[in-house]
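Participant: Dumping the structure here so I can ask a few things about it.
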Amino acid sequence: MSAIGFLAEWAVRSAVLILGGALILWALRVKAASLRLAAWTAVLAGSLAIPALMEALPKMAVPAVRVAAPVVYEERAPVTVMPVEDHPVYRPFDWARGALIGYALVAGAFLVRLSTGLAMSLRLRRTSRATGQMTEGIEIRESDSLGSPVTVGIVRPVILLPNDWRQWEGGKLEAVLTHERSHIRRYDPAVQLLSAVHRAALWFSPMSWFLHRLLVRVAEEASDDAAVESAGDRAFYARVLLEFMQRGVRRANWLGVPMARYGRPEERIHRILDGKTLPRRVTRWSVAAILGLGLPLAYLAAAAGPPEISQPEAVRAKGTVHDEAPAEAAAVPEPEPGYLMALGSVAATTVTVRPRVDGELMSVNFKEGDLVQAGQLLATIDPHPYQLRLAQAEGQLARDGRSGQHCSCLGYHRHRHY
């Protein structure tokens, strides 16, 4: 399989997996953000594992409708190739190679952007100041470059706060820290990094962008639920969040999980103020249910494929096909031979046939363009005039034999005297 074919198959199988996950969540009416985030994280892991699963898992044939393509045999005139040394040989553009180069350039640009974001995140962490405070073993730092709280770091994440955090009203700091701790407990920075790599590898697939946007959005909703549960006041937390969202996210090129990043602000605030939305934690039973539904879906997305088509047995002879297989068997054309690109001329083979005697043409036993063999009857001339002449000659011969006439020749000799 070519590289372009592999990428296309990966994108299609990943899209099937993502759409299947969305259909399952919709059918089960899953509302809790924490459960939806766990499900989408499992979908991301399955999509990243599809290339390895395609090689490791046994293929599962999916019934498909097969259409037998007609086999066309074409007679070609002989081609005389006359290469010209001084003339450059034309070579067609390799579209597959060009597409692969274009894919690599775009994917490389996304990876460079991602690496730049990681470098900027490390720089932001180094330039921040330590506050001397910890929350559940997580370091808290402050920075003059921030307008809203953010969690940065993959291996050892830290919580970065704006420099005015000491002037916050009571309960605001605890709600913010609860929100950020929720991100760190679920390893949201690492998950979103993997999602960004997945999007860079499948940048041409809209479903990879859809999955990344969902992971970012649902992660914020799950952290909002944790903060609302801790604060106990939806209106208070909505005011806190609205303040950060109005400040915006400065220096958004670095890689992190900012508290103010989301889609439409009014949707997020409306969701928080909705009293019917109850936070729900991910339990062992929830994980088991997600795995029980997700593993078969991942197997189908990675191993399903059309059945292999066997080569039918056929005997080919001079442009005719004698097929002994059943009627539904489809003939598979043989691989095309290689071709030499060069200058040449095409000349048709023409033979002029002339009879040795003249006469009336009675029948023609070939069509223009037919292949003929040596000794084959091509045309018939009226034999009656020649049969009559033959009979006259035979009668004259018989009469001459009966008369016994003989012809004698007189020889004349000339003598030369010297």
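Participant: Going by what's in this entry, would Ala200 be described as surrounded by fewer than 20 Cβ atoms within 10 Å (Cβ to Cβ), of a type in the set (A, V, I, L, M, F, W, C) and touching a residue at least 24 places away in the same chain (Cβ under 8 Å)?
Facilitator: The answer is yes for Ala200.
Participant: Using beta carbons and a limit of 6 Å, which pairs, at least six apart or on different chains, have the first residue in segment 205-217 and outside any helix (DSSP H, G or I) and the second one aliphatic (A, V, I, L, M)?
Facilitator: Ser205/Ala11
Participant: Cβ-Cβ distance below 8 Å, separation of 6 or more or different chains: which pairs start in segment 116-143 with a residue that is free of Cβ contacts under 8 Å to residues at least 24 places away in the same chain and end on one that is among the polar types (S, T, N, Q) and in a helix (DSSP H, G or I)?
Facilitator: Hits for this filter: Ser143/Thr127.
Participant: Only one of these is within 42 Å of the chain's Cα centre (by Cα) and modelled with pLDDT of 85 or more: Glu243, Glu267. Name it.
Facilitator: On inspection, the qualifying residue turns out to be Glu267.
The rows are residues; the columns are (1) at pLDDT below 90; (2) part of a helix (DSSP H, G or I); (3) surrounded by fewer than 16 Cβ atoms within 10 Å (Cβ to Cβ).
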| residue | (1), (2), (3) |
| --- | --- |
| Leu7 | no, yes, no |
| Ala11 | no, yes, no |
| Ile18 | no, yes, no |
| Lys31 | yes, no, yes |
| Ala38 | no, yes, no |
| Val43 | no, yes, no |
| Gly46 | no, yes, no |
| Ala49 | no, yes, yes |
| Pro58 | yes, no, yes |
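Participant: Also: Report yes if some residue within segment 181-193 is surrounded by fewer than 16 Cβ atoms within 10 Å (Cβ to Cβ), assigned to a helix (DSSP H, G or I), out of contact with any Cys (no Cβ under 9 Å at 6 or more places or on another chain) and in the same structural domain as Leu7 (by TED's automatic domain parsing); otherwise report no.
Facilitator: yes
Participant: Are there any strands (runs of 3 or more DSSP E) wholly within segment 111-175 with 3 or more residues that are over 25 Å from Glu229 (Cα atoms) and out of contact with any helix residue (DSSP H, G or I) (no Cβ under 8 Å at 6 or more places or on another chain), and if so which?
Facilitator: Result: 129-135.
Participant: Scan segment 174-186 and tell me whether some residue there is closer than 18 Å to Leu118 by Cβ and touching a strand residue (DSSP E or B) at 6+ places or on another chain (Cβ under 9 Å).
Facilitator: yes
A quick yes/no check of all residues on (1) among the basic types (Lys, Arg); (2) at pLDDT below 90; (3) out of contact with any Ser or Thr (no Cβ under 7 Å at 6 or more places or on another chain); (4) surrounded by 12 or more Cβ atoms within 10 Å (Cβ to Cβ):
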site	(1), (2), (3), (4)
Met82	no, yes, no, no
Tyr90	no, yes, yes, no
Gly102	no, no, yes, no
Phe110	no, no, yes, yes
Ser121	no, yes, yes, yes
Ala130	no, no, yes, no
Ile138	no, no, yes, yes
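The values are calculated or read from the model by the stated rules, or taken from the named source; none is laboratory data. What you see is a predicted model; the values in this text were computed from it and never measured. Virtual Cβ from ideal backbone geometry, glycine too; neighbours counted across all protein chains shown.
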